[in-house]
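Here is the structure we will look at, set down as structure tokens.
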Amino acid sequence: MTDSSHKRQLGQSRNRFLIRLVDDEPTVLSALSILLECAGWRTKTFTSAEAFLKAADAEPGCVVLDLLMPSMNGLELQDEMRRRSIQLPIVFVTGHASIDTAVSAMRHGAVHFLQKPVDREKLFKAITEACTEFERIHDSHALSDEECLKRYIN
């Protein structure tokens with residue numbers, strides 16, 4: 001399957017992915033959730049990093065994450081997700097960013113770093129790429145498990 005046909009297939013099955021929205025501003029969460037659900041995505045909202053961590057699951061999808069939040073900020077949540085082996089691709093969406101912050105987020109595995117107010121098409125593209133990344137990560141793990149099984153069978 002070519003990359004473009006894979007992305008087209010992904011776009012047609014958006015509802016199988018859960019987009020987790022983490023932002024301390026309820027109005028932002030509501031607006032993003034409505035926007036994404038109207039486009040066919042399923043969403044779950046969290047007003048803090050801690051709330052997200054309590055509910056973390058392995059359902060296919062990604063995290064759309066604000067940078068500046070009280071208590072635990074977006075970069076700290078990214079680090080905590082890595083420590084806990086929560087393998088969900090991250091799309092940062094923030095109104096407060098520096099080049100250094102964006103570079104740090106990307107070096108630590110963020111798929112995209114977008115600024116508020118975010119362009120709808122850029123957001124959709126970033127989420128599609130994050131969901132594609134989720135599939136790539138988990139497909140490679142499935143292959144590794146399959147190879148492991150072959151060693152025990154043979």
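The values are calculated or read from the model by the stated rules, or taken from the named source; none is laboratory data. Just so we're clear, the structure is a prediction, and the values are computed from it rather than from any experiment. Positions of Cβ are backbone-derived with ideal geometry, glycine not excepted, and every protein chain shown enters the neighbour counts. These accessible areas exclude ligands, DNA and RNA; they are computed on the full protein's heavy atoms, side chains included. Shrake-Rupley method; radii C 1.70, N 1.55, O 1.52, S 1.80 Å.
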(message) Would you confirm whether or not the range 22-39 contains a residue that is under 20 Å from HIS138 (Cα atoms), under 14 Å from the mean Cα position of the chain (by Cα) and not in a loop (DSSP other than H, G, I, E, B)?
(response) no
(request) Go through (1) modelled with pLDDT of 95 or more; (2) open to solvent by 30 Å² or more (accessible area, probe 1.4 Å); (3) closer than 20 Å to ARG136 by Cβ one by one and return the number of the condition GLU50 breaks. (result) (3)
(request) Could you please find all residues in the range 53-66 being touching a Phe, Trp or Tyr at 6+ places or on another chain (Cβ under 7 Å) and open to solvent by less than 10 Å² (accessible area, probe 1.4 Å)? (result) GLY61, CYS62, LEU65
(message) Condition first: of a type outside the set (D, E, K, R) and at pLDDT below 95. Now tell me which residues in the range 3-27 satisfy that.
(response) SER4, SER5, HIS6, GLN9, LEU10, GLY11, GLN12, SER13, ASN15
(message) For the range 44-66, check the following and say yes or no: at least one residue is in contact (Cβ under 8 Å) with a residue 40 or more places away in the chain, in a helix (DSSP H, G or I) and on the phi < 0 side of the Ramachandran plot.
(response) no
